[in-house]
1. If I ask for residues that are in contact with a Ser or Thr (Cβ under 9 Å, 6 or more places away or on another chain), part of a strand (DSSP E or B) and surrounded by fewer than 22 Cβ atoms within 10 Å (Cβ to Cβ), which ones from segment 1-30 would you list?
2. Here are some conditions: (1) buried (at least 22 other Cβ atoms within 10 Å of the Cβ); (2) touching an Asp or Glu at 6+ places or on another chain (Cβ under 6 Å). Phe112 meets all but one. Which one does it not meet?
3. Which of the following residues is over 29 Å from Asp12 (Cα atoms) and of a type outside the set (Ser, Thr, Tyr): Ile231, Ile202?
4. Tell me, yes or no, whether segment 243-263 has at least one residue that is closer than 24 Å to Lys174 by Cβ, among the charged types (D, E, K, R) and buried (at least 20 other Cβ atoms within 10 Å of the Cβ).
5. Considering only segment 101-124, state which residues are more than 17 Å from Leu49 (Cβ to Cβ) and among the small types (Gly, Ala, Ser).
6. Just name the residue that is nearest to Lys210 (Cα to Cα) out of those in segment 253-269 that are without any contact (Cβ under 8 Å) to a residue 12 or more places away in the chain and assigned to a helix (DSSP H, G or I).
7. How do the helices (runs of 4 or more DSSP H) wholly within segment 76-191 filter down when requiring 1 or more residues that are within 16 Å of the chain's Cα centre (by Cα) and within 22 Å of Ala218 (Cβ to Cβ): which remain?
8. Between a residue in segment 156-181 that is closer than 20 Å to Trp134 by Cα and any residue that is of a type in the set (Asp, Glu) and in a loop (DSSP other than H, G, I, E, B), which pairs come within a Cβ distance under 7 Å, given they are 6 or more apart or on different chains?
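Quick note: the coordinates plus some simple rules give every number you see, no bench work behind them. Since this is a predicted model, take the numbers as computed values, not measurements. Counting neighbours? That spans all protein chains shown, and the Cβs are built from the backbone with ideal geometry, glycine included.
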Amino acid sequence: MLNFGLIWFATDGAIPPAELAVGLEERGFESLFVAEHTHIPTSRKTPFLTGDDLPDMYWRCHDQFVALSMAAAATTTLKLGTGVTLVTEHDPINLAKQVASLDVLSEGRLLFGIGAGWNAEEMEDHGVNFKDRWKVTRERVLAMREIWTKDEPEYHGTFVEFPPMWSWPKPLQKGGPPVLMGAYSKWTPARIAEYCDGWLPIDGGGDMGKSLKEIEIAMEAVGRSMSELDITVLPEVSKKRGVDPSRFERMIESGANRVLLPMPDMNRDESLSLLDEYVQIITPFC
């Protein structure tokens, strides 16, 4: 059985986050994942990953944690995901506080999807060099885990440095919310094994079966089991066919436990109508 959620850019022209969250919970969806970009530099030196023009929702989105907080306040069971938080754009001490606060106030419903980002000039505006993005991401996540789990955390690295501190609240979920790696590369397995609790790939982005085997090997090398891994998949979407439910069975066979359906940048009526269409598609797999 798969759990189904949505992945969405919460923009200033879309359905409000609270209304979408209520619509999802009423229809039995498991989760809402919200995307993030703090801004998009107008230089546009970094090309969009698909090669197409960059949709304006990338620079019109609300703050991710504010949007998820609105969703949390309007619901009781819906899981709240970051899809993904661009760790390179955040101070780790502040981000640890935001994550912990939302996890506590939502009563342990947060799923923390992370990534390093693809837009070089965007992260440079935050003081991070593109070539260092994954080194920075690693240290910031490890530092946040120290803050979440220790009464007097400290961290001493190349990119993150702080002496012993006091920082509460601690996340409601023991050890912090599950950290899901939103990346697809030859380095992903080792990164997941070291500091993540799950994987958040795009279906069609590579050989998922091969990557899962590599993740299993990396997990075993550090004494961890695949049974503890959350596998959340973003389905490949065709411009002509939309979401292809025939691929859901393959995701189940691969070990996925969650599929995130895309929510376009639409108004309230359009969004709720699409949710109803999605219910018809996913019902046989629930």
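1. Of everything in segment 1-30, just one residue is in contact with a Ser or Thr (Cβ under 9 Å, 6 or more places away or on another chain), part of a strand (DSSP E or B) and surrounded by fewer than 22 Cβ atoms within 10 Å (Cβ to Cβ), namely Asn3.
2. All conditions are met except number (2).
3. Details: Ile202 fails: over 29 Å from Asp12 (Cα atoms).
Only one candidate qualifies: Ile231.
4. yes
5. Ser101, Ser106, Gly108, listed by residue number.
6. Of segment 253-269, the ones without any contact (Cβ under 8 Å) to a residue 12 or more places away in the chain are 253, 264, 269.
Now drop any that are not assigned to a helix (DSSP H, G or I), which leaves 253, 269.
On the way: Glu253: 13, Asp269: 41 Å.
Per the criteria, the residue is Glu253.
7. Here the list reads 133-149.
8. Here the result reads Phe162/Glu154; Pro178/Asp197; Val179/Asp197; Leu180/Asp197, each pair linking segment 156-181 to a residue that is of a type in the set (Asp, Glu) and in a loop (DSSP other than H, G, I, E, B).
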